[in-house]
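First up is the structure itself, then whatever we jot down about it.
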């Protein structure tokens, strides 16, 4: 059976390109994350994570460790 990829969606306060640079290295280095992006045009600065193994809690921990807010969206 094939693994399905989940898309986890979060509201963040990652607003500037500098903010994005701070978090991008950590997200890029995480082998469980297949793809990610931040919609900085959106009022919620929506972070989307594509993965089949990482949990919402792990993402929240990664992002908040860098002093950003991270709240799951439905």
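Computed from the coordinates by the stated procedures, all read-outs in this text should not be read as laboratory data. None of the values given here were measured: they were computed from a predicted structure.
Worth a mention:
- When you work out D = kT/(6 pi eta Rh) for the chain at 20 °C and 1.002 mPa s, using the Kirkwood radius from C-alpha pairs as Rh and the Stokes-Einstein form, the result is 174 µm²/s.
- Rounded to 10°, Cα long-axis angle of helix 17-29 versus longest principal axis of the chain: 20
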